[in-house]
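Remarks on the structure that follows.
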Amino acid sequence: MALRFVPRREPSRTMLFATPVLAVMLTLVVGAVVFTLLGYDGFGAVREIFVTPLFNPYRWQDLLVKAAPLALIAVGLSVGFRANVWNIGAEGQYVMGGLAGTGVALLTLEMTGPWILPLMVVAGIVGGVVWAAIPALLRTALGVSEILSSLMLNYVAIQILYYLMRGPWKDPMGFNFPQTAMFSADQTLPFVVPGTLIHLGIPVALAVALALWFAVSRTVAGFQVRVVGLSPQAARYGGFRENRVVWMTLALGGALAGLAGIFEAAGPFGQMVPAFPVGYGFTAIIVAFLGRLHPIGIVLAALVLALTYVGGESAQTAIGLPAAAIGVFQAMMLFFLLAVDVLVRYRLALGGSGGSGGLGGPAPATLAPPAGAATLPEAHLSQTKNAKGEVTA
């Protein structure tokens, strides 16, 4: 008797939400074993990264500060992923948003007034949208894959950042360090809880997630996104233009990535520095899928991934874990999520090769999903169909 995968009659809603938890648990166990084999205290590393920060009230501030940009970027990406628009350029859009807002800050450095920070925020959003418009234009006008174009633009944005920090925007009073001048009080995010690190960007990130939850599930634009992702042919038949959805989703992803960028520049950093690209744009992809492309799930997933940043810093000090360990844990989380996601459409069964549709037997041909149907975003989107095949919210 052997274990084998048997197609389910319909995707399992239970497994849809259980598999992210399973992926996190597998990451903890396998990560502990791997780092133990490498000569580190593997189980101590897991404890320092994923457990210790939860019981330290001071580290909760850091968790929220790092989770906010992850959630902002991820909810923007999730809308595009629902429509099969693969924006892999959020890191570049995050950088360009931070640079655009910083440009306004440098122009108004000697000025005062409550209008400066809102203007920086608008500039950050516009910077992200403009950078996202490049892959949108290339796809809709020339048919270029947005995966490749948006990915390559990340490195262009980072090189622009390096040029500005070492050239035109370098602070002449900064002792030759490649960085801008520090932002003024009117150019930095206010703290919503005095005496803590919790700045205005954190409640804004939560509000954006809730707003997108409503927009995707209760508006015509959200319905267009879901239909285009589920069936482009049905979308065309219904009069929905795919190119419009491409522009809308890429612009939204760029806007929220740019917003996260200027929030980071005007918040934790307080200036622009070469170390500004911290990988949030790439990590947000993991956050989006771990949260099942659902805004509330994304907020929870952002807290989990923020643990890898906050706890990773502690683990480097406490047990000498290398900085690269953070990326290893994040990569394993995505790998295991992709691996266990097969359980949404298939179940494990004991049985031999005989039979006709029983346990372990071959399923009827009509039940087998089409090629490519087990991809991660479609596994999520399948929950929007009811038993009659009708599209629901």
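Screening segment 1-102 for helices (runs of 4 or more DSSP H) wholly inside it with 3 or more residues that are closer than 23 Å to Ala260 by Cα returns the ranges 57-82.
Counting just the residues of segment 233-256 that are more than 29 Å from Val204 (Cα to Cα) and touching a residue at least 12 places away in the same chain (Cβ under 8 Å), which one comes out least open to solvent (accessible area, probe 1.4 Å)?
Quick first cut of segment 233-256, residues more than 29 Å from Val204 (Cα to Cα) only: 233-243.
So of that shortlist, the ones also touching a residue at least 12 places away in the same chain (Cβ under 8 Å) come out as 240, 242-243.
On the way: Phe240: 44, Glu242: 64, Asn243: 81 Å².
Restricting to residues being more than 29 Å from Val204 (Cα to Cα) and touching a residue at least 12 places away in the same chain (Cβ under 8 Å), the top hit is Phe240.
The number of residues in segment 19-33 that are open to solvent by 40 Å² or more (accessible area, probe 1.4 Å) and under 22 Å from the mean Cα position of the chain (by Cα) comes to 4. Pairs linking a residue in segment 257-284 that is under 17 Å from Gly89 (Cβ atoms) and part of a loop (DSSP other than H, G, I, E, B) to a residue that is open to solvent by 20 Å² or more (accessible area, probe 1.4 Å) and not hydrophobic (A, V, I, L, M, F, W, C), with Cβ atoms under 8 Å and 6 or more positions apart or on different chains, are Gly279/Gly327.
Candidates Gln93, Gln61: the one that is touching a helix residue (DSSP H, G or I) at 6+ places or on another chain (Cβ under 9 Å), polar (S, T, N, Q) and open to solvent by less than 40 Å² (accessible area, probe 1.4 Å) is Gln93.
Keeping to segment 156-177, report how many residues are open to solvent by 100 Å² or more (accessible area, probe 1.4 Å) and within 18 Å of Gly128 (Cα to Cα).
Our first condition is that a residue be open to solvent by 100 Å² or more (accessible area, probe 1.4 Å); within segment 156-177, this holds for 159, 163, 166, 172-173, 175-177.
Right, trim to within 18 Å of Gly128 (Cα to Cα) and you get 159.
Final tally of qualifying residues: 1.
Identify the residue in segment 291-318 that is in contact (Cβ under 8 Å) with a residue 40 or more places away in the chain and farther than 30 Å from Val216 by Cα and, among all such residues, is nearest to the chain's Cα centre (by Cα). By that ranking, first place goes to Val310. Could you pull out the residue among Ala235, Ala207, Ala215 that is of a type outside the set (Ser, Thr, Tyr), part of a helix (DSSP H, G or I) and modelled with pLDDT of 95 or more? Exactly one of Ala235, Ala207, Ala215 is of a type outside the set (Ser, Thr, Tyr), part of a helix (DSSP H, G or I) and modelled with pLDDT of 95 or more, namely Ala207.
Residue check: Leu334 meets all listed conditions (1) closer than 20 Å to Trp60 by Cβ; (2) open to solvent by 30 Å² or more (accessible area, probe 1.4 Å) but one, namely (1).
Go through segment 218-232 and report how many residues are touching a strand residue (DSSP E or B) at 6+ places or on another chain (Cβ under 8 Å), at pLDDT 85 or above and open to solvent by less than 50 Å² (accessible area, probe 1.4 Å). Step through it out loud before you land on a result.
Start the filter on segment 218-232 by keeping residues that are touching a strand residue (DSSP E or B) at 6+ places or on another chain (Cβ under 8 Å), which leaves 223, 226-227, 230.
From what's left, at pLDDT 85 or above: 223, 226-227.
Narrowing further to those that are open to solvent by less than 50 Å² (accessible area, probe 1.4 Å): 226-227.
Total meeting the criteria: 2.
Looking at segment 178-202, which of its residues are touching a strand residue (DSSP E or B) at 6+ places or on another chain (Cβ under 6 Å) and either crowded, with 17+ Cβ neighbours inside 10 Å or among the charged types (D, E, K, R) (or both)?
First, pick out the residues of segment 178-202 that are touching a strand residue (DSSP E or B) at 6+ places or on another chain (Cβ under 6 Å): 189, 191, 199.
Within segment 178-202, Leu189, His199 qualify.
Whenever a residue of segment 15-44 is in contact (Cβ under 8 Å) with a residue 60 or more places away in the chain and more than 14 Å from Phe336 (Cα to Cα), its partners that are crowded, with 18+ Cβ neighbours inside 10 Å and small (Gly, Ala, Ser), lying with C-beta atoms within less than 6 angstrom and at least six residues away or across chains, give the pairs Phe35/Gly42; Phe35/Ala45. Restricted to segment 96-116, and to residues there that are among the small types (Gly, Ala, Ser) and surrounded by fewer than 24 Cβ atoms within 10 Å (Cβ to Cβ), the residue that is farthest from Gly270 (Cα to Cα) is Gly113. Condition test on Ile88, is it open to solvent by 10 Å² or more (accessible area, probe 1.4 Å) and at pLDDT 95 or above? Here the answer is yes, as Ile88 does meet what is asked.
The values are calculated or read from the model by the stated rules, or taken from the named source; none is laboratory data. Treat the numbers as computed from the prediction; the structure is a model and nothing was measured. Counting neighbours? That spans all protein chains shown, and the Cβs are built from the backbone with ideal geometry, glycine included. Heads up: the accessible areas ignore ligands, DNA and RNA and are worked out on the full protein's heavy atoms, side chains in. Shrake-Rupley method; radii C 1.70, N 1.55, O 1.52, S 1.80 Å.
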